[in-house]
Amino acid sequence: MKVLVIGGAGYIGSVVVRELQRRGHEPVVYDNLRTGHREAVPPEVPLVLGDLADRDQLATAFQRYAPEAVMHFAAFIEAGESMRFPGRFFANNVASVITLLNTMLDHDVTRFVFSSSAAVYGDPDSLPVTETAFLRSTNPYGETKAMVETVLRWLGELSGLRYVSLRYFNAAGAADGVGEDHSPETHLIPIVLQSALGLREAVTIYGDDYPTRDGTCIRDYVHVSDLAQAHALALDYLTAQERSLVCNLGSEQGASVREVVEAARRITGIDFPVLMGPRREGDPASIIASSQRAMEALGWRREHSSLEEIIASAWEWHRTHPRGYASS
Ligand code: UFG
């Protein structure tokens, strides 16, 4: 199937592009390369340099490549950043996605896979969190994902759109020569490994007074390869079913910030320094997925999401790409 991958030069998008190729699909990447990397796109995959906010550019890509499905990875992703610049997040993560959806429907493309987030839940009352939990994000980032899901529901009911909205928990790890290269980097695992490499003086733990087993935040880390599998299965679902689906993608295991640090020290064999800092605004204390729905509806199976494999694969990437793509 021809798939337009918006944001396919980014971390998760570029791993999904490789998985689509392996399964015989024909991905076309649409990316403005503001945060994505040209090197992350396989040379044989067409790369359209375009902005999501530009409806004419998008329409041209639809006419030229005639995609049968669209995947969206082009959102701003840092929850902490969204507390400082909420307007930017609503513009890029909501307004531009509405432009994309309208352009799809104008071209009779009705299959859509959306990268949603665990951030829609905020600080859930009970864990593991299921898809029926109340949505109450603790930051604008999560709110943008919930808003798009509302738009999807209405376009699904009224305009014939079929979608799978995948609520990722904490995507991490490296695969197929693709790893995390964000600028600036804000995610825990890359920061920890950059500290192990001596590229940072220390890791600062954002708060140790949370109501968790060791006082630091608990997250559910899921391997980017397992996320890529779920995207391919989502395409199959949209081909076989007339229905839409919203589902969590997590490992169903929680790891605290301290536990991630300790695992990284063990795996790298390096005793890098750690400092204690204040809480980061907008951070929920704990979040762990129930992924039962994804397993039942999509047939999703996790193969790489142990914390050991996530950190070991990320370590391999950071060791061999200490300056990210600029290293190659
Ligand atoms: N953290 C630190 N020090 C750091 C960086 C992070 O202590 O230097 C802590 C954070 O406070 C948080 C945990 O490590 O408790 C994980 O933080 P990340 O920034 O790696 O990830 P988030 O949980 O904030 O957010 C990520 C993605 C979001 C997604 C969310 C889903 O960035 O896009 O996971 O749970 F929505």
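A few remarks follow.
- Gain in span if fully extended, ASP125 to GLU157, counting 0.36 nm per residue against the direct Cα distance: 8.6 nm
- Sparse-neighbour loop sites [trypsin sites (Lys or Arg not before Pro); the range 27-59; at most 13 other C-beta within 10 Å; DSSP]: ARG34
- Ordered from largest to smallest accessible area (heavy atoms of protein chains, 1.4 Å probe), the residues ARG153, ARG18 come out as ARG153, ARG18.
- Most mobile listed residue (ALA196, ALA289, ALA66) in the chain, GNM with C-alpha springs under 10 Å: ALA66
- Counting only DSSP beta bridges with both residues in the chain, the antiparallel share comes to about 10 percent.
- Spacing of the modelled spin labels on ARG55 and ILE98, each 7 Å from Cα toward Cβ, amounts to 1.1 nm.
- For the range 2-105, convex hull volume per residue from C-alpha positions, Å³: 90 Å³
- With protein chains left intact and a 1.4 Å probe, residues in the chain average 42 Å² of accessible area per residue.
- R0 of 25 Å, Cβ-Cβ distance ARG23-HIS107: FRET efficiency to nearest 0.05: 0.60
- Straightening the chain between ARG213 and ARG88 buys 41.5 nm, computed as 0.36 nm per residue apart minus the Cα-Cα spacing.
- log10 of Debye I(q)/I(0), alpha-carbon scatterers only, for the range 37-173 at 0.12 Å⁻¹: -0.52
- For the range 148-165, putting each phi into the Karplus relation 6.51 cos²θ - 1.76 cosθ + 1.60 with θ = phi - 60° gives couplings of 5, 4, 5, 4, 4, 4, 5, 5, x, 6, 10, 10, x, 6, 10, 9, 10, 9 Hz, in residue order, rounded to whole numbers and with x for Gly and Pro.
- Accessible surface comparison of MET104, MET295, probe 1.4 Å, protein chains only, largest first: the order is MET295, MET104.
- Charge-dipole axis of the range 69-222 as Lys and Arg at +1 and Asp and Glu at -1 on Cβ define it, positive-most pick from PHE169, PHE76, ALA95: ALA95
- Radius 14 Å from Cβ of LEU127, net charge of other residues (Lys, Arg +1; Asp, Glu -1): -3
- Convex hull of alpha carbon positions in the chain: directionally averaged projected area 15.1 nm².
- Anisotropy class of the range 47-115 from Cα gyration tensor, a/c 1.5 cut: prolate
- If you bin all the Cα-Cα distances of the range 93-231 at 5 Å, starting from zero, the percentages per bin are 2, 8, 14, 17, 19, 16, 12, 6, 4, 2, 0.
- Trypsin sites (Lys or Arg not before Pro) lying in DSSP loop within the range 295-328, provided at most 16 other Cβ fall within 10 Å: ARG301, ARG323
- Simple Cβ-charge dipole of the chain, Lys/Arg +1 and Asp/Glu -1, about Cα centre, in debye nearest 20: 220 debye
- Both radii are taken from the alpha-carbon atoms of the range 192-328; with Rh as the Kirkwood radius, Rg/Rh is 1.04.
- Taking the square roots of 5 times each eigenvalue of the Cα gyration tensor of the range 245-316, largest first, gives ellipsoid semi-axes of 28, 18, 8 Å.
- HIS321 - accessible surface, heavy atoms, 1.4 Å probe, Å² rounded to 10: 40 Å²
- Estimated FRET transfer efficiency when R0 is 30 angstrom, pair HIS182-MET1 (beta carbons, to 0.05): 0.55
- Longest site-free stretch - the chain; sites: GluC sites (Glu not before Pro), DSSP loop, at most 10 other Cβ within 10 Å: 45-200
The values are calculated or read from the model by the stated rules, or taken from the named source; none is laboratory data. Quick caveat, the model's predicted, so the values are computed rather than measured. Note: ideal-geometry Cβ built from the backbone for every residue, glycine included; neighbour counts use all protein chains shown. Each accessible area value is taken on the protein alone, full model and side chains, heavy atoms only, with ligands, DNA and RNA left out. Shrake-Rupley method; radii C 1.70, N 1.55, O 1.52, S 1.80 Å.
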